[in-house]
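Visitor: First the structure, which I've put down as structure tokens, then a few questions once you've had a look.
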Amino acid sequence: MVKQFFSVHTEFFHLLNYSMSYLEFFGVIFGLLAVWLSARAVIWTWPVGLLNIVLAFILYYQVQLYPDMFLQSFFFVTNLVGWWRWAHPKPGEENRKQQLKVSFLKKNQLVLTLFSGIGGTLILGKLASGLHQWLPAIFPLPSAYPYVDSFILVMSVIATFFVIQKKIESWIIWIAVDIVATLLYFIKGVKFYSLEYFIFTLIAGFGLWHWIREYKSYPAADQEKTLGT
């Protein structure tokens, strides 16, 4: 039964000519909850996210989205780091809840982000293209859409790092990632995950608005301290 639960081919229910697996359904539910909590700047986003990550790792392996699979390993570590970082702000970084404040990036960080995203996507896409040739025992099938998948991985890494630091621009990056992922997963036939990322896009828009509003709620002196730090 446990093995069947973690198989993308085991049907949980059938809806509108789409076969929904247990793995996909519960992965999406935990993912939506984690992102919603993050948009609300609620610290419980991190432990809930860990459940989503484990399920997503297993699913991506089974549908040959290997860069996305590797991304989950990164997310597992960063969820632990983010949990600790939000709960233990440095002196002067804490908000009214004694948690980390939101802030903006510096201009040079934005430029570095752009070049890192482009370079990382090209390099990782090339590597992903050859996984089935280098490690056929582990990856018997070619990576599907390696460059698009790699864009999702690279920009998700960057966005996650900025979420850990509560940088407002993280939500702009997430909007771009979520739009691309929505289209990719729909094409790959993982339609509930595609729907999830469409909803993620909407939540990311809300997160951007909510974090900016929280930033503006700080006293003027605190805004100056967090601007571009």
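Visitor: With the checklist (1) modelled with pLDDT of 75 or more; (2) surrounded by fewer than 16 Cβ atoms within 10 Å (Cβ to Cβ); (3) not acidic (Asp, Glu) in hand, flag the one item Asn17 doesn't pass.
Guide: (1)
Visitor: Among the candidates Leu141, Leu110, single out the residue that is on the phi < 0 side of the Ramachandran plot, assigned to a loop (DSSP other than H, G, I, E, B) and either in contact (Cβ under 8 Å) with a residue 40 or more places away in the chain or aromatic (Phe, Trp, Tyr) (or both).
Guide: On the way: Leu110 fails: assigned to a loop (DSSP other than H, G, I, E, B).
The conditions single out Leu141.
Visitor: Also, I was wondering about something else. Is it the case that segment 57-67 has a residue that's over 13 Å from the mean Cα position of the chain (by Cα), modelled with pLDDT of 85 or more, among the β-branched types (Val, Ile, Thr) and not in a helix (DSSP H, G or I)?
Guide: no
Visitor: Could I ask something else about it? Quick one: in segment 193-205, which of the residues that are surrounded by fewer than 18 Cβ atoms within 10 Å (Cβ to Cβ) and in contact (Cβ under 8 Å) with a residue 40 or more places away in the chain is farthest from Pro142 (Cα to Cα)?
Guide: Ranking the candidates gives Ile199 first.
Visitor: Anything in segment 31-56 that is buried (at least 19 other Cβ atoms within 10 Å of the Cβ) and either hydrophobic (A, V, I, L, M, F, W, C) or out of contact with any helix residue (DSSP H, G or I) (no Cβ under 8 Å at 6 or more places or on another chain) (or both)? List them, or say none. I'd like the intermediate steps shown before the answer.
Guide: Restricting attention to segment 31-56, the residues satisfying the condition of being buried (at least 19 other Cβ atoms within 10 Å of the Cβ) are 31, 34-35, 38-39, 41, 45-46, 48-49, 52-53, 55-56.
Selection gives Ala34, Val35, Ala39, Ala41, Trp46, Val48, Ile53, Leu55, Ala56.
Visitor: Does any residue of segment 79-91 turn out to be closer than 20 Å to Thr201 by Cβ and under 16 Å from the mean Cα position of the chain (by Cα)?
Guide: Within segment 79-91, the first condition is being closer than 20 Å to Thr201 by Cβ, and the residues that meet it are none.
So far as segment 79-91 goes, no, none of its residues is closer than 20 Å to Thr201 by Cβ and under 16 Å from the mean Cα position of the chain (by Cα).
Visitor: While we're looking at this one, here's another question. Which residue pairs have Cβ atoms closer than 6 Å, lie 6 or more positions apart in sequence or on different chains, and pair a first residue in segment 61-89 that is in contact (Cβ under 8 Å) with a residue 60 or more places away in the chain and more than 29 Å from Gly189 (Cβ to Cβ) with a second residue that is aromatic (Phe, Trp, Tyr) and buried (at least 18 other Cβ atoms within 10 Å of the Cβ)?
Guide: Gly82/Trp46
Visitor: Considering only segment 114-144, state which residues are buried (at least 17 other Cβ atoms within 10 Å of the Cβ), modelled with pLDDT under 85 and not polar (S, T, N, Q). Spell out the reasoning first.
Guide: Going through segment 114-144, the residues buried (at least 17 other Cβ atoms within 10 Å of the Cβ) turn out to be 117, 120-121, 124-125, 128, 131, 139, 143-144.
So of that shortlist, the ones also modelled with pLDDT under 85 come out as 128, 131, 139, 143-144.
Those that are buried (at least 17 other Cβ atoms within 10 Å of the Cβ), modelled with pLDDT under 85 and not polar (S, T, N, Q): Ala128, Leu131, Phe139, Ala144.
Visitor: Restricting attention to segment 107-166, which residues are of a type in the set (D, E, K, R) and more than 14 Å from Tyr66 (Cβ to Cβ)?
Guide: Answer for segment 107-166, where residues must be of a type in the set (D, E, K, R) and more than 14 Å from Tyr66 (Cβ to Cβ): Lys107, Lys166.
Visitor: If you don't mind, another one. When only residues in segment 119-146 that are closer than 19 Å to Lys188 by Cα and among the hydroxyl-bearing types (Ser, Thr, Tyr) count, which is farthest from the chain's Cα centre (by Cα)?
Guide: Filtering segment 119-146 for residues closer than 19 Å to Lys188 by Cα gives 125, 128-129, 131-132, 139-146.
The next check asks that each one be among the hydroxyl-bearing types (Ser, Thr, Tyr); those that pass are 129, 143, 145.
On the way: Ser129: 22, Ser143: 20, Tyr145: 18 Å.
The qualifying residue farthest from the chain's Cα centre (by Cα) is Ser129.
The values are calculated or read from the model by the stated rules, or taken from the named source; none is laboratory data. Note that the structure is predicted; figures quoted are calculated from it, not measured. Cβ sites come from the backbone with ideal geometry, for glycine too, and all protein chains shown count toward neighbours.
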